[in-house]
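> One structure, as structure tokens, below. Some questions next.
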């Protein structure tokens, strides 16, 4: 990402790659030697920095990537495609569903484990296989996939690197499929005594709907990946139209008769629900943190639940709003822009309920709460800027510009990633029994907050000006782009500063793990089972010492029973 | 704490974990094959001329294979029913028959359908009809193969469980059966779509 941003800010100028490669390596070596004395965790962090440095060095040395530090267009495209793929399929989904879901969900419903532990393990190994394959494609002769994370045919069928991308995607899809079966079964079958549907913490509901999306939306992409793989390996023509001309030559190895639009339909049938896979667990995390830190029940819990279920259902019938420019016809466009406007309603309900939850609360401004609070307006911006993209007339102008990049990054970066960070700060004491440092946490938060906006808000301006999102030189050859190119430098500087402000976070994690003090089981004074019924960290096999029984809805704060402002779910009310 | 409801059903949902799991898995399989059927429809409706299945594919062999799969579904149920009646020898017989019929299906499919196609230079790349034909039937054949492997395990080494945990073993056969019926059902949709229409 840093390499891409350098390219956009200073196109065709060599990257000071010695600095880029040597500084992380130097930091790594220093951290490693300090770590040898202070603790093994720190040395591991050292290896990460050394790895980053070596990777950049490797990229610069290759003739096909960045000779003398000047980036070639093909390599820029590879970085773009892999950035999207890695962040979506290897970053956010595994973190929000795989990690938080797997860890927190059984604890919150009072289950000893997931319903199918072996299936869970299988899911992890398949994912690891797919992930390693995907990352290793950088080192293959043809380089990594270059056709964007959307892999539109027919370009994807004829460009190098795509085969490995498709095979790894099939692995990753299989993994999330196994995971989804496991999650749904766990939530339906393993709720503890008294944990009725409407007593479930909102996070569990979010995970349930997410799992259904993973279960039903991913198989069509698996089918599409198989078809594209056939196109590449067996020269079928599923996505290859008749008489396709590439660089002035008619492609003769394909008989044609296929439809490039078919790929887009199959892809977006997955990829629109995928957006909700990215955002729903984040909403769940934010709801937990807000309820806990405003010391007040979530406002409109029922409407939150119904809105989430409705959102999940609707997300299956909005996919073609990504395809207004494909000439699929005005009738189709009308249908899909109507459903798109409808799907914004449940999102607004969820956001509103979370906002009102703050009203009259006695708010604790700790680091997880800061991230959760920042999520609300940031996701709001992300959501509202999506409306012009959901309407065909305005989308025709904004399609494939930096406006789109700004829109979905506002949803996913300061939206989902902030929520994930809130989750890490919130559940870290659960996982380790140690509380992360608040001062470092606040530095991390404010730095991230300021520069996150510095990165993504100028993209709206560039998008309105009509600058296309996939230009390797950032648009220097286009006249209409000239007045807005100076913003690239601002974005890039913000992006690097954003990266630098993640250093306190890494230090915080490592330092707390090594030196942090143990805290009590229920450090946030929370009501949900993972805090009130299980020790921190939980019992290795079975989570709980004895099966908890649930007496209340999930967020019974400020009742003043038992002399405290919270009543855990597993504690009967007295009087 | 142990994981509950692995064998006995949960009272309020009336189902045990494994059975719910396989139904969810089958739901995702419906989406997988659904996407491929949609592909078939889209390719066919946008094609200028579409080769007729009955002119290009071997309808008698397809009919024969359809019958084989339907019979194997019946023997699968019989295997499960024999276990319910605590007749382990009959289970072995019916399960063995199911596996045999599954293998027979694959032999007919590969040796008597795929091989002559290749001999006539009908490859997936010939046209989109053969492309989708090979993808759909190939994916289905992989599912049949998976079913044979699972059933083979429950016929051979896996059947030791009958002595130790009979109820759990019956559950496993039921789940394997649900999968096998699904594979059968997919073929019942595939056959008319590809061979007859």
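> Considering every residue within region B:118-125, establish whether at least one is out of contact with any strand residue (DSSP E or B) (no Cβ under 7 Å at 6 or more places or on another chain) and away from chain A (no Cβ under 13 Å).
We begin by selecting, within region B:118-125, every residue out of contact with any strand residue (DSSP E or B) (no Cβ under 7 Å at 6 or more places or on another chain); these are B:118-125.
In the following step, the residues that additionally are away from chain A (no Cβ under 13 Å) were identified as B:119-120.
There is at least one residue in region B:118-125 that is out of contact with any strand residue (DSSP E or B) (no Cβ under 7 Å at 6 or more places or on another chain) and away from chain A (no Cβ under 13 Å).
> Take residues that are under 22 Å from residue B:28 (Cβ atoms) and tell me which of the helices (runs of 4 or more DSSP H) falling wholly in region A:74-185 contain 1 or more.
Details: elements: A:102-108, A:117-136, A:155-158.
It comes to A:102-108, A:117-136.
> All but one of (1) surrounded by fewer than 19 Cβ atoms within 10 Å (Cβ to Cβ); (2) out of contact with any helix residue (DSSP H, G or I) (no Cβ under 7 Å at 6 or more places or on another chain); (3) in contact (Cβ under 8 Å) with a residue 12 or more places away in the chain hold for residue A:78, so report the exception by its number.
(1)
> Within region A:189-206, does at least one residue satisfy the condition of being part of a helix (DSSP H, G or I), surrounded by 21 or more Cβ atoms within 10 Å (Cβ to Cβ) and in contact with a strand residue (DSSP E or B) (Cβ under 8 Å, 6 or more places away or on another chain)?
yes
> Still on this structure: Which members of region A:103-133 meet the condition of being surrounded by fewer than 16 Cβ atoms within 10 Å (Cβ to Cβ) and over 23 Å from the mean Cα position of the chain (by Cα)?
Within region A:103-133, A:117, A:118 meet the criteria.
> Whether any residue in region A:545-559 is within 19 Å of residue A:371 (Cβ to Cβ), in contact (Cβ under 8 Å) with a residue 40 or more places away in the chain and surrounded by fewer than 18 Cβ atoms within 10 Å (Cβ to Cβ) is what I want to check.
No: region A:545-559 contains no residue that is within 19 Å of residue A:371 (Cβ to Cβ), in contact (Cβ under 8 Å) with a residue 40 or more places away in the chain and surrounded by fewer than 18 Cβ atoms within 10 Å (Cβ to Cβ).
Every residue, every condition in (1) outside any helix (DSSP H, G or I); (2) under 29 Å from residue A:293 (Cβ atoms), yes or no:
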| site | (1), (2) |
| --- | --- |
| A:471 | yes, no |
| A:498 | no, yes |
| A:506 | no, yes |
| A:536 | yes, yes |
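> Across region A:151-195, what is the total count of residues that are without any contact (Cβ under 8 Å) to a residue 24 or more places away in the chain and touching a helix residue (DSSP H, G or I) at 6+ places or on another chain (Cβ under 7 Å)?
Residues of region A:151-195 without any contact (Cβ under 8 Å) to a residue 24 or more places away in the chain: A:155, A:159-160, A:188.
Still in the running and touching a helix residue (DSSP H, G or I) at 6+ places or on another chain (Cβ under 7 Å): A:188.
Qualifying residue count for the region: 1.
> I'm trying to understand the selection: among the residues of region A:134-151, which are over 25 Å from residue A:400 (Cα atoms) and surrounded by fewer than 18 Cβ atoms within 10 Å (Cβ to Cβ)?
Matches in region A:134-151: A:135, A:136, A:139, A:140, A:141, A:142.
> Quick one: residue A:559 ticks every box in (1) at pLDDT 85 or above; (2) touching a strand residue (DSSP E or B) at 6+ places or on another chain (Cβ under 9 Å) except a single one, so which number is it?
(1)
> Still on this structure, please answer the following. Check region A:208-224 and report whether any residue there is within 11 Å of chain B (Cβ to nearest Cβ) and assigned to a loop (DSSP other than H, G, I, E, B).
no
> Here are some conditions: (1) assigned to a helix (DSSP H, G or I); (2) surrounded by fewer than 18 Cβ atoms within 10 Å (Cβ to Cβ); (3) at pLDDT below 75. Residue A:19 meets all but one. Which one does it not meet?
(3)
> For region A:331-338, indicate whether the set of residues that are in a helix (DSSP H, G or I) and touching a residue at least 60 places away in the same chain (Cβ under 8 Å) is non-empty.
Looking only at region A:331-338, we keep the residues that are in a helix (DSSP H, G or I), and these are A:331-338.
When the remaining residues are screened for being touching a residue at least 60 places away in the same chain (Cβ under 8 Å), the result is none.
The answer is no, given that none of the residues of region A:331-338 is in a helix (DSSP H, G or I) and touching a residue at least 60 places away in the same chain (Cβ under 8 Å).
> Return the residues of region A:354-375 that are in a helix (DSSP H, G or I) and surrounded by fewer than 21 Cβ atoms within 10 Å (Cβ to Cβ); say none if nothing qualifies.
Keep residues of region A:354-375 that are in a helix (DSSP H, G or I), which gives A:354-358, A:367-375.
Matches in region A:354-375: A:355, A:356, A:358.
> Sticking with this structure for a sec: Hey, could you check region A:254-273 for residues that are part of a loop (DSSP other than H, G, I, E, B) and facing chain B (nearest Cβ under 8 Å) and say which is farthest from the chain's Cα centre (by Cα)? Please lay out each step first, then the result.
Step one: list which residues in region A:254-273 are part of a loop (DSSP other than H, G, I, E, B), which gives A:254-259.
Subsequent filtering for residues that are facing chain B (nearest Cβ under 8 Å) retains A:254-255, A:257-259.
Numbers: A:254: 37, A:255: 39, A:257: 37, A:258: 33, A:259: 30 Å.
It comes out as A:255.
> Okay, next question. Outside any helix (DSSP H, G or I), surrounded by fewer than 24 Cβ atoms within 10 Å (Cβ to Cβ) and facing chain B (nearest Cβ under 10 Å): which single residue out of A:237, A:242 fits that description? Don't jump to the end; show me each part of the working.
Working: A:237 fails: surrounded by fewer than 24 Cβ atoms within 10 Å (Cβ to Cβ).
Answer to the selection: A:242.
> Among the helices (runs of 4 or more DSSP H) confined wholly to region B:1-101, which include 2 or more residues that are at pLDDT below 90, more than 9 Å from chain A (Cβ to nearest Cβ) and more than 30 Å from residue A:545 (Cα to Cα)?
Details: elements: B:17-46, B:53-56, B:59-84.
Once the helices (runs of 4 or more DSSP H) in region B:1-101 are filtered for at least 2 residues that are at pLDDT below 90, more than 9 Å from chain A (Cβ to nearest Cβ) and more than 30 Å from residue A:545 (Cα to Cα), what remains is B:53-56.
> Any chance region A:181-203 includes a residue that's under 18 Å from the mean Cα position of the chain (by Cα), more than 8 Å from chain B (Cβ to nearest Cβ) and under 23 Å from residue A:314 (Cβ atoms)? Quick ask: steps written out before the conclusion?
Residues of region A:181-203 that are under 18 Å from the mean Cα position of the chain (by Cα), as a first pass: A:203.
The next check asks that each one be more than 8 Å from chain B (Cβ to nearest Cβ); those that pass are A:203.
Filter again for under 23 Å from residue A:314 (Cβ atoms), leaving A:203.
The answer is yes; a qualifying residue exists.
> If I go through region B:124-157 residue by residue, how many of them are under 26 Å from residue B:174 (Cα atoms) and in a loop (DSSP other than H, G, I, E, B)?
Looking only at that region, the number is 1.
> With (1) surrounded by fewer than 19 Cβ atoms within 10 Å (Cβ to Cβ); (2) assigned to a helix (DSSP H, G or I) as the list, and residue B:121 as the residue in question, which single condition is left unmet?
Here residue B:121 meets the rest and fails (2).
> Tell me, yes or no, whether region A:226-234 has at least one residue that is outside any helix (DSSP H, G or I) and surrounded by fewer than 18 Cβ atoms within 10 Å (Cβ to Cβ). Spell out the reasoning first.
Initial filter on region A:226-234 (outside any helix (DSSP H, G or I)): A:234.
Okay, now just the ones that are also surrounded by fewer than 18 Cβ atoms within 10 Å (Cβ to Cβ), so A:234.
Checking region A:226-234: at least one residue is outside any helix (DSSP H, G or I) and surrounded by fewer than 18 Cβ atoms within 10 Å (Cβ to Cβ).
The values are calculated or read from the model by the stated rules, or taken from the named source; none is laboratory data. These numbers were taken from a predicted model, which means no experiment stands behind them. Cβ atoms come from the backbone with ideal geometry, glycine included; neighbour counts cover every protein chain shown.
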